[in-house]
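In what follows, a single structure is set out as structure tokens and then discussed.
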Amino acid sequence: MISVFGSKVGQEELDEIRTSIEAQWMGIGPKTRAFEEQIAQRLGVPGFALLDSGSNSLYMAVKLLNLAPGTEVILPALTWISCAHAVVLAGCVPVFCDVDLGTQNVTAETIAPHLTRQTGAIMVVHYAGKPVRMQPILDFGVPVIEDAAHAVDSKLGGKACGAMGAVGAFSFDAVKNLAMGEGGGVTAQDPELITRARTLRYCGIGKSGFEASANKDRWWEYNIVDFFPKFLPNDINASIGLAQLRKLDKLQAYRKQTWELYQREFANLGWLARPCDPEPDEQHSYFTYFVRVLNGKRNAFAKYLYDRGIYTTFRYHPLHLNPIYKSNAILPMSAQLNEEGLNLPLHPNLSTADMDKIVTTVKAYSKVA
Ligand SMILES: Cc1ncc(COP(=O)(O)O)c(C=O)c1O
């Protein structure tokens, strides 16, 4: 079965992990610091706090904004569960908005109807790595959290996604463009928020050791500055991240090439709508390739591919249709995507033979559709 998502790891990652094992150091340490410095440099941000997952990075991002309980946070219904969970767990209220059909991104127009006096933040998701058009959203004057889980290599007008809002959250889980098994992190416009994230991630411990000890003779003490879970990264995952960072350009080139192949090959299929390509001022990360099946046969098409060894999925089942978040919100484009959307395999582990098979099998569906 051809996987829909994947990553490519090998000798470089093994070599980097080996040095940590040989140093008998697995916890947070020099590899974590090196990764934080290198990713901050690549993103062009004042700093980066590595955390243990993208999901926890979203919770951290909401907490960093210090929103009062009950504050509304606007976010797309069509996103990963953790976006809404982060809002709820931080004591705030998720308010779902719609997305654009061609990009699956929020826009100023889909957000505007949901702005109220209770709105304390907007969370945007750069879906598949196509940048959300940020300026009209920033112009609302409400703090913006960027979920850049798909967008580690995405830019808008030369600025990295994740570096334009108040806080940017990233994911480095096993299938992301930069994969480290599990991992994530946050950056922020205000460097103090990055320092705060480093404090919070270790159970909210502020000063510890000699710094916390008033007389310098009780170095086992610590100050606890907030109630916070443990979101600590570690040097094993950071080692994988360092190796992935060195080959990120190569991995990205492979993703781009696959995306462009699909865009060319699927150009004239009347029953299939392709995703929007990047605009001239955008850099896309090509995290996933998504289509709309227009003839009401999305489920049948997915089964047809599955029966031929090609796994697909739909990201994401809109949250306002899920019982736990069920609301009366009317979000027609999210509802339409829920019926038509499908993600096809795109990742650096696809072989040329896999790509040929996907292209041929998809095109052959024209005879069935
Ligand atoms: C848009 C989005 N945000 C956040 C996450 C959460 O990241 P993680 O899997 O590292 O917890 C994901 C994971 O797939 C995601 O797709």
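The values are calculated or read from the model by the stated rules, or taken from the named source; none is laboratory data. All values reported here derive from a predicted model rather than from experimental measurement. So basically every Cβ, Gly included, is an ideal-geometry build from the backbone, and we count neighbours across all protein chains shown.
A few points about this structure:
- Of all residues in region 115-141 being β-branched (Val, Ile, Thr) and touching a residue at least 40 places away in the same chain (Cβ under 8 Å), the one that is farthest from the ligand (Cβ to nearest atom): Thr116
- Qualifying position, being in contact with a Lys or Arg (Cβ under 8 Å, 6 or more places away or on another chain) and not in a loop (DSSP other than H, G, I, E, B), among Leu245, Leu232, Leu261, Leu269: Leu245
- Each residue in region 48-82 was checked for being in contact with a helix residue (DSSP H, G or I) (Cβ under 6 Å, 6 or more places away or on another chain) and outside any loop (DSSP other than H, G, I, E, B), and 13 of them qualify.
- The residue that is nearest to the chain's Cα centre (by Cα), counting only those in region 295-332 that are of a type in the set (A, V, I, L, M) and within 30 Å of Met134 (Cβ to Cβ), is Leu319.
- Among the conditions (1) touching a Lys or Arg at 6+ places or on another chain (Cβ under 6 Å); (2) not in a loop (DSSP other than H, G, I, E, B), Phe290 misses just one, which is (1).
- In the set (1) out of contact with any Leu (no Cβ under 6 Å at 6 or more places or on another chain); (2) away from the ligand (no atom under 16 Å from the Cβ); (3) β-branched (Val, Ile, Thr), Ile240 fails one condition alone, (2).
- Taken together, Glu192, Glu182 contain a single residue that is of a type in the set (Asp, Glu), out of contact with any Leu (no Cβ under 8 Å at 6 or more places or on another chain) and within 15 Å of the ligand (Cβ to nearest atom), which is Glu182.
- Residue check, Lys250 in a loop (DSSP other than H, G, I, E, B) and either of a type in the set (D, E, K, R) or modelled with pLDDT of 95 or more (or both): no
- Just one of the listed residues (Ser7, Ser53, Ser57) is within 16 Å of the ligand (Cβ to nearest atom) and in contact with a Leu (Cβ under 7 Å, 6 or more places away or on another chain), namely Ser57.
- Every residue from region 271-294 that is touching a Ser or Thr at 6+ places or on another chain (Cβ under 6 Å) and either closer than 19 Å to Met355 by Cα or acidic (Asp, Glu) (or both): Ser285
- Failed criterion for Leu337 (all others in (1) within 16 Å of the ligand (Cβ to nearest atom); (2) in a loop (DSSP other than H, G, I, E, B) hold): (2)
- Close pairs from region 247-270: first under 11 Å from Pro348 (Cα atoms), partner of a type in the set (D, E, K, R) and not in a helix (DSSP H, G or I), Cβ under 7 Å, at least 6 apart: Leu248/Asp153; Leu251/Lys8; Gln252/Asp153
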